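The values are calculated or read from the model by the stated rules, or taken from the named source; none is laboratory data. Since the structure is predicted, the reported quantities are computational estimates derived from the model, not experimental observations. Neighbour counts are summed over all protein chains in view; Cβ atoms, including those assigned to glycine, are modelled from backbone coordinates with ideal geometry. Calculation scope for accessible area: heavy atoms of the full protein, side chains included, ligands and nucleic acids excluded. Shrake-Rupley method; radii C 1.70, N 1.55, O 1.52, S 1.80 Å.
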Amino acid sequence: MQLDRTEIVVRARSGLELFDLSLRVLKRHLGAIALTSALFGLPLLLLDLWTVNWRLGEQGLNTAARYDQPTSTLGWRHALHMILLFSMQFPLISLPTTIFLGSRIFYQPLPLKELLRRLWTLAPRWLLVLGVFRWGLVVVALEWMIDRNADLDWLTEFFLIFVVSCVILFARALYPFAPEILGLELCPLRAQQAGQITYGSRRRGLHRYLTSENFARFIATLFYGVLLVSMLVGIQLFAIGASTGVWTWNYWMSTIGLPLSLWCVGLLLAVVRFLSYLDCRIRLECWELELRIKAEAARLEQ
């Protein structure tokens, strides 16, 4: 590995430059990024559909009987929970993509078998941090606590949609690079030897001095993400309406159209977060200079 030979020029960039570069990276490695995100994304999607699809059945219709348009009401309620689940699970879904991009930036091939081996080795860490502390898997368990006989379970649904989502998204805006710290820097949760950098200390050191910039980038990314998802959903609704004459939210949009739109935009946002992580390391640690020094040291040793 030649540390000063990278696929992406290592330098500080503005937020707009990062978005532009993300599109270029996504275009170049679309197949690999889609495949790596599907490793966790597809099983979690099937789990989410199994968890929330009862709202589209007879039991859900019975709870929405008092509304003027029960089918439409259930569709939007179902969509809201799907968006919630995807948002909470996004760091977990994008972890394999992050590991792939970390290898690809140095032109290092990463076979699928090796990627799976790394994920298996790191399983206790990402399960605890991304699955529990960041609510990636906990939110699925909370979905099963919703009262299925109520048209709206205020005790659980209000807590999930408004309280949990706001708190987790705010924490993610301040500390966005958990997948990179776990998947690329391989920081342990507890120090195994004296002086070893743990996940907690690395998280504080990486985010502490760029909190305001990370928060602003998160808001901008969230804004663009919402616009892109709305655009993809609108395109599908127009295509369905123009071809069938039915201009309402339907079963296709609930089970395939919306998850597909979220997943497509998630591919881009995973690249944006990875490049933002590199930019933070460049600004805080002069990472480009570190790579050049290490590359020259390796050449002198040879």
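Cβ-Cβ distance below 7 Å, separation of 6 or more or different chains: which pairs start in segment 47-58 with a residue that is in contact (Cβ under 8 Å) with a residue 24 or more places away in the chain and more than 11 Å from Glu143 (Cα to Cα) and end on one that is aromatic (Phe, Trp, Tyr) and surrounded by fewer than 17 Cβ atoms within 10 Å (Cβ to Cβ)?
Once the first residue is in contact (Cβ under 8 Å) with a residue 24 or more places away in the chain and more than 11 Å from Glu143 (Cα to Cα) and sits in segment 47-58, its partners that are aromatic (Phe, Trp, Tyr) and surrounded by fewer than 17 Cβ atoms within 10 Å (Cβ to Cβ) give Leu56/Tyr251.
Using the structure shown, decide if Phe274 is farther than 28 Å from Trp54 by Cβ, open to solvent by less than 50 Å² (accessible area, probe 1.4 Å) and in a helix (DSSP H, G or I). Lay out the reasoning, then the answer.
Values: farther than 28 Å from Trp54 by Cβ: yes; open to solvent by less than 50 Å² (accessible area, probe 1.4 Å): yes; in a helix (DSSP H, G or I): yes.
The answer is yes for Phe274.
This table checks each residue for (1) at pLDDT below 95; (2) buried (at least 17 other Cβ atoms within 10 Å of the Cβ).
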{"residue": "Met231", "(1), (2)": "no, no"}
{"residue": "Ala239", "(1), (2)": "yes, no"}
{"residue": "Tyr251", "(1), (2)": "yes, no"}
{"residue": "Asp279", "(1), (2)": "yes, yes"}
{"residue": "Ile282", "(1), (2)": "yes, yes"}
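Checking the structure you have, find out if any residue of segment 125-135 is within 30 Å of Glu58 (Cβ to Cβ), within 19 Å of the chain's Cα centre (by Cα) and modelled with pLDDT of 90 or more.
No, segment 125-135 contains no residue that is within 30 Å of Glu58 (Cβ to Cβ), within 19 Å of the chain's Cα centre (by Cα) and modelled with pLDDT of 90 or more.
Would you mind stating whether Ser261 is polar (S, T, N, Q), in a helix (DSSP H, G or I), touching a helix residue (DSSP H, G or I) at 6+ places or on another chain (Cβ under 9 Å) and closer than 30 Å to Gly75 by Cβ?
So Ser261 fits the description; yes.
Hey, Phe218 hits all of (1) part of a helix (DSSP H, G or I); (2) among the aromatic types (Phe, Trp, Tyr); (3) over 19 Å from the mean Cα position of the chain (by Cα) but one; which does it fall short on?
All conditions pass for Phe218, except number (3).
Looking only at segment 95-111, count how many residues are in a helix (DSSP H, G or I) and either out of contact with any helix residue (DSSP H, G or I) (no Cβ under 9 Å at 6 or more places or on another chain) or open to solvent by 70 Å² or more (accessible area, probe 1.4 Å) (or both). Before the answer, list the steps.
Of the residues in segment 95-111, the ones in a helix (DSSP H, G or I) are 95-104.
Right, trim to either out of contact with any helix residue (DSSP H, G or I) (no Cβ under 9 Å at 6 or more places or on another chain) or open to solvent by 70 Å² or more (accessible area, probe 1.4 Å) (or both) and you get 104.
Result for segment 95-111: 1.
Of everything in segment 63-92 that's closer than 26 Å to Phe218 by Cα and open to solvent by 70 Å² or more (accessible area, probe 1.4 Å), which residue is nearest to the chain's Cα centre (by Cα)?
So, considering only residues that are closer than 26 Å to Phe218 by Cα and open to solvent by 70 Å² or more (accessible area, probe 1.4 Å), the one nearest to the chain's Cα centre (by Cα) is Leu80.
When segment 12-42 is examined, which residues are found to be open to solvent by less than 70 Å² (accessible area, probe 1.4 Å) and within 17 Å of Thr255 (Cα to Cα)? Give the derivation first.
To start, the set of residues in segment 12-42 that are open to solvent by less than 70 Å² (accessible area, probe 1.4 Å) comprises 12-15, 18-19, 21-22, 25-26, 29, 31-34, 36-41.
Listed by number, the residues that qualify are Ala38, Gly41.
What single numbered condition from (1) part of a helix (DSSP H, G or I); (2) within 22 Å of Phe223 (Cα to Cα) fails to hold for Arg13?
Answer for Arg13: the failing condition is (1).
Give all pairs with beta carbons closer than 8 Å in which a residue from segment 120-146 that is in contact (Cβ under 8 Å) with a residue 60 or more places away in the chain meets a residue that is open to solvent by 30 Å² or more (accessible area, probe 1.4 Å) and assigned to a helix (DSSP H, G or I); count only pairs at least 6 apart in sequence or on separate chains.
Val140/Leu47
Looking at segment 254-270, can you tell me whether even one residue there is within 24 Å of Ser165 (Cβ to Cβ) and more than 19 Å from the chain's Cα centre (by Cα)?
yes
Rundown of residues vs (1) part of a helix (DSSP H, G or I); (2) of a type in the set (D, E, K, R); (3) over 30 Å from Arg5 (Cα atoms), yes/no style:
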| site | (1), (2), (3) |
| --- | --- |
| Lys113 | yes, yes, no |
| Arg117 | yes, yes, no |
| Leu130 | yes, no, yes |
| Gly136 | no, no, yes |
| Leu142 | yes, no, yes |
| Ile146 | no, no, yes |
| Leu155 | yes, no, yes |
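Testing Val129 on (1) in contact with a helix residue (DSSP H, G or I) (Cβ under 8 Å, 6 or more places away or on another chain); (2) open to solvent by 10 Å² or more (accessible area, probe 1.4 Å), one condition comes back false. Which one is that?
For Val129, the failing item is (2).
Looking for something farther than 24 Å from Leu269 by Cα and part of a helix (DSSP H, G or I) - is there at least one such residue anywhere in segment 161-175?
no
Going by the structure shown, is Gly60 under 28 Å from the mean Cα position of the chain (by Cα) and assigned to a helix (DSSP H, G or I)?
Spelling it out, it is not the case that Gly60 is under 28 Å from the mean Cα position of the chain (by Cα) and assigned to a helix (DSSP H, G or I).
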